[in-house]
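The values are calculated or read from the model by the stated rules, or taken from the named source; none is laboratory data. Please read all numbers here as calculations on a predicted model, not as lab measurements. Here the Cβ positions follow ideal geometry from the backbone for every residue, glycine too, while neighbour counts run over all protein chains shown. With ligands, DNA and RNA removed, areas are computed over all heavy atoms of the protein, side chains included. Shrake-Rupley method; radii C 1.70, N 1.55, O 1.52, S 1.80 Å.
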Amino acid sequence: MTSACGGETRRTGGAEVSTEGLPEWLDPLVQVSETIRPQQLSRFLPPQEGGRQSAVLVLFGEGERGPELLLLERAGNLRSHAGQPSFPGGALDPEDGDPADCGPVRAALREAEEETGLDASGVQVFGVLPRLYIPVSDFVVTPVLGWWREPSPVGPVDPRETARVFTVPVSELTDPRNRATAVHPSGHQGPVFSVGDAVVWGFTAGVIDRLLHYAGWERPWNRERQVPVDWRG
């Protein structure tokens, strides 16, 4: 199936959403993208008006250790979310188009290319999740699900914005030994993934946590285990 971002069955140049030819292990995520509601992903939902429209690319590939996810680490000198691992992505530009239609897909691919150097032509977008909200930065974020059909070399394009680009095996994200909970000074709790030398938390960890859960990939883990994170980022 190939469709436009808004759901009508047609093709749109540069912003196609297709589930054709995906590996079977992605089937649960296709189902998630078609059925999940915003409230199932986050308690932070967009305001009725305002907010900075943006998109992130949640890109799955096939690595030496099986399915993996592409992440980057933001540069430590940025004004917001400094040093945090995150999905590639950023704010929509006018040329990306309507935020309510194909704009987020185009923005996610464009930003990923600008940040990591990946060849966007090798990415197959297969789903678009509901818009979510990051209150601290006033971003209204649309997560875009992609399959890295034809992997290409990646790395920081601008070291002033991106410290490094790396992949994480899904098996490490589901390993109970790598999971914990962080507690914000406000009392809000959120998931944390300690994978390799990266600590993934905040918005990115929240999306990963919900995708693992609703895709049926989550393994029982100790939610009482808490780890500190640098909330100043």
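Working note: 222 nm ellipticity from helices only, DSSP H runs with n ≥ 4, each -39,500 (n - 2.57), summed and divided by the residues of the chain, gives -5500 deg cm²/dmol to the nearest 500.
Counting only protein heavy atoms and using a 1.4 Å probe, the accessible area of residue 41 comes to about 10 Å². Under the classification rounded if a/c is under 1.5, otherwise prolate if a/b is larger than b/c and oblate if not, where does the chain fall, given a ≥ b ≥ c as square roots of the Cα gyration tensor eigenvalues? Rounded, since a/c falls under 1.5. For the range 113-210, GluC sites (Glu not before Pro) are listed when DSSP marks them as loop and at most 15 other Cβ atoms sit within 10 Å of their Cβ; the list is 161.
Placing +1 on the Cβ of every Lys and Arg and -1 on the Cβ of every Asp and Glu, with nothing else charged, gives the range 91-185 a dipole about its Cα centre of roughly 520 debye. In terms of its C-alpha gyration tensor, the range 89-196 comes out oblate, because a/c is 1.5 or above while a/b does not outweigh b/c. A cut-off under 11 angstrom between Cβ atoms defines the neighbours of residue 68, and their net charge, with Lys, Arg +1 and Asp, Glu -1, is -2. When 177, 210, 106 are compared by accessible surface with a 1.4 Å probe, the order from highest to lowest is 177, 106, 210. Here's the picture: charge each Lys and Arg Cβ at +1 and each Asp and Glu Cβ at -1 in the chain, and of 171, 108, 88 the one pushed furthest to the positive end of that dipole is 171.
Protein chains only, probe 1.4 Å: how do 43, 179 rank by accessible area, largest first? It would help to have the intermediate numbers written out before the result.
Numbers: 43 160, 179 5 Å².
Final ranking, largest accessible area leading: 43, 179.
For residue 87, the solvent-accessible surface computed with a 1.4 Å probe is close to 10 Å², ligands and nucleic acids excluded. Compute the Cα gyration tensor for the range 150-233, then decide on rounded, prolate or oblate, letting a ≥ b ≥ c be the square roots of its eigenvalues: rounded whenever a/c is under 1.5, prolate when a/b is larger than b/c in the other cases, and oblate in all that remain. Oblate, because a/c is 1.5 or more while a/b does not exceed b/c.
Counting heavy atoms of the protein chains alone, residue 128 has an accessible area of about 50 Å² for a 1.4 Å probe.
If you average the C-alpha positions of the range 170-204 and of the range 15-53 separately, how far apart do those two centres end up, in angstrom? One Cα centre to the other: 21 Å. A Förster radius of 25 Å, combined with the Cβ-Cβ distance separating residue 181 from residue 39, puts the computed FRET efficiency at roughly 0.80.
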